[in-house]
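Before I ask anything, here is the structure I am working with.
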Amino acid sequence: MTNNQPAEGSQHAVYQVSLPVSKRTLDLVGNLIRQERNRLGTRWRKVPAGTQAVIVLAVLRHDQRLSDMAGGNQISASTVRRWVREVLRLLAARAPRLDRALKKIAKRGGVVVLLDGTLIRTRCRTGTDNRKNYSGKHKSHGLLFLALTDEKGNVIWISSARPGRSSEITTARHDKITAHLREAGLGALADLGFVGLDDQPDDDPVIITGRKAAKNHKLSAAEKEANRLLSRERAAVEHGFANLKSWRVLTKVRMNTRHATTLLRALLVLTNAEVQR
């Protein structure tokens, strides 16, 4: 719980913000801030590292306005913005790389991972530069991310941001997901949007998808049942996305692709600290 008090002589009301995060997450962020301050040799800051961690987590969890957090803690909005960017950078540096994440799953005895994509909605801006962020599939502006989860739905890796109009297959090919899966000796369960991604579907398949119906080919009862079983196994990936999107700062992202990538990878680290099934 953070108590936001107005500056002396201010007319702002006093309010409180409930911060539902674990002590483990608070300690993680606070320790990263302390290590960075020691590395920089900073001898004085306006607030302790623990207080800075609470302020940043409140911004990320509740999408609190920077000016509100600043006024409640007697600092400037630009200072809060700088603190948020600093913590995001430190957290994103801890996000797992694709090859290491897959090798870790294989080392634990895992056989498959779950692959899916999600659109993080962005502010709709005018101008031709923003047209590439419009997703015809979702009828909304946003940035496309691919994610891999384990069988329990814990997100183990997230891709860099792509414009909303990008296809999931193109993004997966850019990140060479099939090659990394073969190197780790794993397979991936994916939805029909990834049909055709596997470049060796007959000799050495690693991408497992359902069957699509066509005009000249109706699905048999066995194929429909196989699709249902695959969908049931893939249900856990939606829980992983739900945990990631519980950080309300993702409600409407106001960043470009580079900063959005940093944001999502930082939130991945925080989510894994909060949820471990």
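The values are calculated or read from the model by the stated rules, or taken from the named source; none is laboratory data. All of these numbers come straight from a predicted model, not from anything done at the bench. Neighbour counts are summed over all protein chains in view; Cβ atoms, including those assigned to glycine, are modelled from backbone coordinates with ideal geometry. Only protein heavy atoms, including side chains, enter the accessible area calculation; ligands, DNA and RNA are left aside. Shrake-Rupley method; radii C 1.70, N 1.55, O 1.52, S 1.80 Å.
Of all residues in the range 55-71, which are open to solvent by 10 Å² or more (accessible area, probe 1.4 Å) and over 16 Å from residue 248 (Cβ atoms)?
Correct list: 67, 71.
Now for a separate question. Need the failing condition index for residue 219 against (1) open to solvent by 30 Å² or more (accessible area, probe 1.4 Å); (2) among the aliphatic types (A, V, I, L, M); (3) not in a loop (DSSP other than H, G, I, E, B), just the number.
(3)
If only one of 24, 34, 81 is open to solvent by 10 Å² or more (accessible area, probe 1.4 Å), of a type in the set (D, E, K, R) and more than 21 Å from the chain's Cα centre (by Cα), which one is it? Walk me through how you get there before you give the answer.
Numbers: 24 fails: more than 21 Å from the chain's Cα centre (by Cα); 81 fails: more than 21 Å from the chain's Cα centre (by Cα).
That would be 34, the only listed residue that is open to solvent by 10 Å² or more (accessible area, probe 1.4 Å), of a type in the set (D, E, K, R) and more than 21 Å from the chain's Cα centre (by Cα).
Is there a residue in the range 143-165 that is within 29 Å of residue 54 (Cβ to Cβ), open to solvent by 10 Å² or more (accessible area, probe 1.4 Å) and among the charged types (D, E, K, R)?
No, because not a single residue in the range 143-165 is within 29 Å of residue 54 (Cβ to Cβ), open to solvent by 10 Å² or more (accessible area, probe 1.4 Å) and among the charged types (D, E, K, R).
As an exercise: evaluate residue 128 against (1) out of contact with any strand residue (DSSP E or B) (no Cβ under 7 Å at 6 or more places or on another chain); (2) among the polar types (S, T, N, Q); (3) surrounded by 14 or more Cβ atoms within 10 Å (Cβ to Cβ) and give the number of the one condition it does not meet.
All conditions pass for residue 128, except number (3).
Follow-up question, since we're still on this one. Just to verify a result, which residue in the range 166-190, among those that are more than 25 Å from residue 93 (Cβ to Cβ) and of a type in the set (Val, Ile, Thr), is surrounded by the most Cβ atoms within 10 Å (Cβ to Cβ)?
Here the answer is 178.
Somewhere in the range 250-260, is a residue surrounded by 20 or more Cβ atoms within 10 Å (Cβ to Cβ) and part of a loop (DSSP other than H, G, I, E, B)?
No, every residue in the range 250-260 fails to be surrounded by 20 or more Cβ atoms within 10 Å (Cβ to Cβ) and part of a loop (DSSP other than H, G, I, E, B).
Within the range 100-122, count every residue that is in contact with a His (Cβ under 6 Å, 6 or more places away or on another chain) and modelled with pLDDT of 95 or more.
1
Now for a separate question. When residue 88 is evaluated against the numbered criteria (1) open to solvent by 20 Å² or more (accessible area, probe 1.4 Å); (2) touching a Ser or Thr at 6+ places or on another chain (Cβ under 6 Å); (3) not small (Gly, Ala, Ser), which criterion, by number, is the only one it fails?
The failed condition is (1).
While we're here: Would you mention how many residues in the range 38-60 are more than 25 Å from the chain's Cα centre (by Cα) and assigned to a helix (DSSP H, G or I)?
Here the count works out to 3.
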